[in-house]
Amino acid sequence: MKIEKTKQTVPALDEIPEQTIINSITAAVSEQRLPAGTKLGEQMLSDLFNCNRANVRRALSTLATMHVVQLQPNRGAFVSTPSPKEAGDVFEARRTIERTLARKVIKNASLQDIADMRATIAAEADARAQGDKPAELRLSRTFHMQLAMISGNTVLERFLSELTLRTTLIIGLYNKVGSSNCAEDEHLGMVNAIENRDEEGLLLLINQHLNHLESSLDFKCAAKPFFSLAEQLTIVPA
């Protein structure tokens, strides 16, 4: 599927902070435009973002702490390639974190929060119907991050942000169809449980949802082909 790209003007050197590079790479990862194993050349990024290589190195170091990028001695930076063991660890961590968040969401969710989540689910379904995979993936992640924000636990929210990015890499690497695999009815069931203040039901649905995602993985899958770095990245301002 051809992905339409918005033409963007590259800002001047002093207008490009490291955060813009970080935002652009994480956005591309979250939409599976930047697959696992992609080389992130310093000079190429410097040219693309119209900045110096020191800016790029600082951004890549930050991304490495988020486990989105791997820095390999004498080879450079690459988008992380999670191993099957790492994939299992990520899903185990997500189960623990999202169950904790769910208990807080049941207590904290307002009518507006519930309406916002339903709107995200509707937008995700629309993207899926139109075959817009990047939007579907982005909105699926948005739904889970909405749950984290509603919980009010900013520390766990940051952890989940990293874990959902790593999940996208894992699914892109090991899932045959390469989709989010977040079924519309699964997200909808979660929102219904929240609206009904059904904590036990919500915990069960979260477990089923994450089990569904993990069971779709095939660790024998070959890596997916991808385009050039310039084609995969769009600039996301800080």
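Read the figures in this text as sums done on the coordinates, not as results from a lab. Being a predicted model, the structure only gives us computed values, none of them experimental. For neighbour counting, all protein chains shown are included, and Cβ atoms are generated from backbone atoms with ideal geometry for every residue, glycine included.
What the table below lists for this structure:
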read-out: Pair list, Cβ < 9 Å and 6+ apart or interchain, from the range 142-163 residues that are basic (Lys, Arg) to residues that are surrounded by 17 or more Cβ atoms within 10 Å (Cβ to Cβ); value: Arg158/Ala148
read-out: Subset of the range 25-39 (residues that are in contact with a strand residue (DSSP E or B) (Cβ under 8 Å, 6 or more places away or on another chain) and of a type outside the set (Gly, Ala, Ser)); value: Ile25, Val29, Leu34, Pro35, Thr38, Lys39
read-out: Entirely in the range 42-133, the helices (runs of 4 or more DSSP H) that have 3 or more residues that are out of contact with any helix residue (DSSP H, G or I) (no Cβ under 8 Å at 6 or more places or on another chain); value: 53-65, 84-108, 111-129
read-out: Residue check, Gly131 touching a Gly at 6+ places or on another chain (Cβ under 9 Å) and not acidic (Asp, Glu); value: no
